[in-house]
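Inspection log for the structure reproduced underneath, given as structure tokens.
The values are calculated or read from the model by the stated rules, or taken from the named source; none is laboratory data. Small disclaimer: the values here were computed from a predicted structure and weren't measured. Positions of Cβ are backbone-derived with ideal geometry, glycine not excepted, and every protein chain shown enters the neighbour counts.
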């Protein structure tokens, strides 16, 4: 199938592209700033970290249906294990990372066994409590963990790294970049293999109906605990490696905000697909960093006006079509109306952004006595944006934004198959009900 | 990486702390031994007892809870009796071991820090307890909102604390003379209730109703994720619009210091608790004597039967979510005179009200109230009786969380919950 070939080609190109980005930066150290530089690499490295968290969370939640808000806490367990071992025992980074992964797995085992009896809501409450306890204890035990001041961790290669006659400094971004990328790809491959195997099938069976799965011979206890252990080990591994990359860890890496963002990444990508959530993780984190910069109030105003105007115009045109032309909008006319509304809203928004901002700033001055800011600090607004996007995605695109697109390309015909199966099942149910 | 530091109720506690003469000598060893004894025997009792009961084909549903308490309270002595005789478990088996377990914990505490005011001064303990009760009433009111939502809609709203935060801000900007409109506190309370009610109703109507209409796959997860997203959205909207500076208003009414016997109560807390009790009375009147309240209770008992007698369960869902949000908002408005108000105060309140409703039993109104008071007492004793102030403030929430985890594991139905 042509579509499948395109999809695979695109996937391979994306991976090769990610693998080649750093060389551009290395070959042209004076590349135009803002395109490929240390900061870009840093954003991508942390993006890979979040991609690992998001994809393992979607294995736990999307496949297993096990609700956990403690994923960041597991990453924190990995990070603090290696950090504390390096500090008090003087272990090597590699030993620490392995120990951190195992420790996260151990905690996952204990928690997985404790929460076996709990169902969705209770599980969510319990994991949120565990995550908070862990974070609070880490910040309270200042003498041992440095608390909110942050625990210093050794870099991945304290003495630098020599490969093929080229020396990388310990603060160089290239080695951690490739390590993170490789870990992401390996963990994705492993988890995808697991999800495609009988393990994944059993998990989905448990998610849909635990009693039915048990009745059909699935060892519910074993698989529920196992999925907890595996996903928390992936989280612990990601956390431990990230700790060695950023070289300082604080309890603030585990606040609920980051958990919300991991959920956002996973949901936006597609909660039932590991690869989609990983891509969602990278994209959302890059967007987060991009939106961090301050924006001119006038340009933000243009965007806000567009967002408000576009649906208004569309609904107006729909009303007009029904009222005066006596025909509801549908098909091509509807698409045209949507595009036209968006374009007209954008033009109006750009045209009136200055006078609206001026008017608002006068009103603001009258009310508060202080000046309206010329630029808007986006550090909180970007999170508001993602909150809105998360809720809308959950409501209108439950399979995520990316996953349906991926399914369209990778599994052509699956939609038709599903519809056909559903209709057949409905027909059978109808005949049974009739007889 | 946090946008702003956690602000805990530091100002409230510091005046007590200055009064406590802290000795430098600690004897953590014996205290930790006693604690370890309690925890280990409790764990053994909790794990082994149900197995023995199951092996002898007896009812093991209560064995985990009773075994744990027996082990924690009397150690191997009672456990051996339980294991050999395997009596039918009723509440009488709980009385003595729970008392001795509490005694052991107190003993551990007393040996940990012999000069602590909590051990030496009864007045101090009573004043901490009364403070805890006062604030616990408000915790109870917040949790009643959550439990109302749970009993009608069958979901836990993870955005509950954020409604509490919004209520506080609404009251602040209505009441404050310098930053806000400078209106009377009662108008502030009403504004807080109104705003949170409207937001709750709009949210339920637009985003949660489709779930009840069957338009959403996997509704349980949808509800959790959606309310979580709402919490995220509300908290950071507040941060973006209102800023991270702590806000506080003066006490609503000028009462002066209230002294009962040897204890002095801070007036702001007394006012807040009074408002909480007033809200509670109005709520009970509403639930018991109005048509809407009776309809709400009917839906919580049986959706189908309620629908048969002409109550629209969908509208009751919306009303319940709005009311729950309003209760949280009103408590926020009552507490804005007690605590320094920051946008992330809601996260703490959320987790605390989860603790309360799980302790009291999901869906039980008296349970939520009593759970709130218990948590209030535990938190204020926990922070007042801990020798190291900064650590105590951090552990203040941990105590509640530990209770929460233990209750979830041993008796998920809580104190007054319906059997699952």
Counted residues, the range B:327-350 - those being surrounded by 24 or more Cβ atoms within 10 Å (Cβ to Cβ), assigned to a helix (DSSP H, G or I) and within 12 Å of chain A (Cβ to nearest Cβ): 2
Enumeration of residues in the range B:84-120 that are surrounded by 15 or more Cβ atoms within 10 Å (Cβ to Cβ), assigned to a loop (DSSP other than H, G, I, E, B) and on the phi < 0 side of the Ramachandran plot: B:89, B:113, B:116
Subset of the range A:116-145 that is crowded, with 20+ Cβ neighbours inside 10 Å, more than 19 Å from residue B:396 (Cβ to Cβ) and more than 7 Å from chain B (Cβ to nearest Cβ) - its residue that is farthest from the chain's Cα centre (by Cα): A:123
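So, in the range B:217-240, exactly how many residues are farther than 19 Å from residue A:125 by Cβ and within 7 Å of chain A (Cβ to nearest Cβ)?
Quick first cut of the range B:217-240, residues farther than 19 Å from residue A:125 by Cβ only: B:217, B:233-234, B:236-240.
Narrowing the set further to residues that are within 7 Å of chain A (Cβ to nearest Cβ) leaves B:217, B:233, B:236-237, B:239-240.
Final tally of qualifying residues: 6.
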Some residue of the range A:133-150 being in contact with a strand residue (DSSP E or B) (Cβ under 7 Å, 6 or more places away or on another chain) and outside any helix (DSSP H, G or I): yes
Sole residue being closer than 30 Å to residue B:242 by Cα and within 11 Å of the chain's Cα centre (by Cα), chosen from B:376, B:371: B:376
Helices (runs of 4 or more DSSP H) contained in the range B:141-248 and holding at least 2 residues under 26 Å from residue A:257 (Cα atoms) and at pLDDT 90 or above: B:160-175, B:185-203, B:219-242
Of all residues making up the range A:264-281, the number that are more than 10 Å from every other protein chain (Cβ to nearest Cβ) and farther than 15 Å from residue A:407 by Cβ: 4
Residues of the range B:147-179 satisfying the condition of being within 11 Å of another protein chain (Cβ to nearest Cβ), surrounded by fewer than 24 Cβ atoms within 10 Å (Cβ to Cβ) and either under 15 Å from residue B:322 (Cβ atoms) or in contact (Cβ under 8 Å) with a residue 24 or more places away in the chain (or both): B:150, B:155, B:179
Residue match in the range B:187-205 (condition: surrounded by fewer than 21 Cβ atoms within 10 Å (Cβ to Cβ) and farther than 30 Å from residue B:337 by Cβ): yes
Residue A:157 being under 23 Å from residue A:247 (Cβ atoms), away from every other protein chain (no Cβ under 12 Å) and more than 27 Å from the chain's Cα centre (by Cα): yes
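Let's see how each residue does on (1) surrounded by 15 or more Cβ atoms within 10 Å (Cβ to Cβ); (2) at pLDDT below 80; (3) within 28 Å of residue A:288 (Cα to Cα):
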| residue | (1), (2), (3) |
| --- | --- |
| A:327 | no, yes, no |
| A:346 | yes, no, yes |
| A:356 | yes, no, yes |
| A:362 | no, no, no |
| A:373 | no, yes, yes |
Single residue of B:372, B:361, B:322, B:276 found to be free of Cβ contacts under 8 Å to residues at least 60 places away in the same chain, in contact with a helix residue (DSSP H, G or I) (Cβ under 7 Å, 6 or more places away or on another chain) and surrounded by 19 or more Cβ atoms within 10 Å (Cβ to Cβ): B:361
